[in-house]
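Below you'll find the structure, written out as structure tokens, and then a few comments.
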Amino acid sequence: MRRHLPDLAVLAVCCTIAAVVVALAEPSWRPVEIRVYVFVLGAIAMLALVAAAGESLPRRRASLLDAALAVKPPPDPPLPQLERTIREATLAQTRAFDLHRLLLPQLRAIADARLARAGRSPGPETLGRWWELLRPDREPPADRFAPGIPPAELRALVTDLERIE
């Protein structure tokens, strides 16, 4: 209520000034003006009463359910194997030796598993253009620091491995 008191006082003073101006300008409206003035002062008094009653009520605390819903669970930690595979795929794109040593064994295992499930064995007829890259007897690159597999080719290889049924 105390924080609204100056506002209500200014409002009452403005209404009083308006009533005095109207009373001086139009003396014949005085009975209507008095009724309107009393009505407006009553409305201001009701506003003050409602504000005082609202401030006297105890503040509603958040329920236990609201508090529980407001707490956000920590994000799940990333899977270590997924992080390792992402790191190896990134390295395989930069250097040929990392492609040969880190990523190709995983891609061979994926191809072998998918082909075995389909009842086929890895070979040039089943792996197509990827046979030279995925063949088990593939020699390590002569230049270890040569560029690895481009991202578009890696994406195409993974897409082709996903299609094996």
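Please treat every number below as a calculation from the coordinates, not as lab data. Every value quoted in this text rests on a predicted model; they were computed, and no experiment measured them. Glycine also receives a Cβ, built like all others from the backbone with ideal geometry; neighbour counts cover every protein chain displayed.
Annotations
- Helices in the chain that qualify as membrane-span-like (whole DSSP H runs, Cα extent of at least 24 Å along the helix axis, mean Kyte-Doolittle hydropathy of 0.0 or higher) are 5-25, 30-56.
- A helix-only calculation puts the chain at -20500 deg cm²/dmol for mean residue ellipticity at 222 nm, using -39500 (n - 2.57) for each DSSP H run of at least four residues, averaged over all residues.
- What the Cβ-Cβ distance of A116 and L64 gives, at R0 = 45 Å and to the nearest 0.05, is a FRET efficiency of 0.25.
- Rounded to the nearest whole Hz, the Karplus-based 3J(HN,Hα) values (6.51 cos²θ - 1.76 cosθ + 1.60, θ = phi - 60°) of the range 135-149 follow the sequence 4, x, 9, 5, 6, x, x, 5, 9, 5, 9, 5, x, x, 7, with x at glycine and proline.
- Residues F97, F39 arranged by fewest to most Cβ contacts within 10 Å: F39, F97
- Charge dipole magnitude, Cβ of K and R +1, D and E -1 - the chain, Cα centre, debye nearest 20: 420
- Farthest toward the positive end of the dipole of the chain, out of A89, A23, L107, is the Cα of A23, where the dipole comes from beta carbon charges about the Cα centre.
- The label-point distance for K72 and R3, in a model that sets each label 7 Å from Cα toward Cβ, rounds to 2.8 nm.
- Rg/Rh ratio calculated on Cα atoms of the chain (Kirkwood radius): 1.70
- Cα-based shape type of the range 71-165, given that a ≥ b ≥ c are square roots of the gyration tensor eigenvalues and the cut on a/c is 1.5: oblate
- Dipole axis of the chain (+1 Lys, Arg; -1 Asp, Glu on Cβ), positive-most option in L161, P141, C14: C14
- For the range 5-58: rounded, prolate or oblate by the Cα gyration tensor [a/c cutoff 1.5]: oblate
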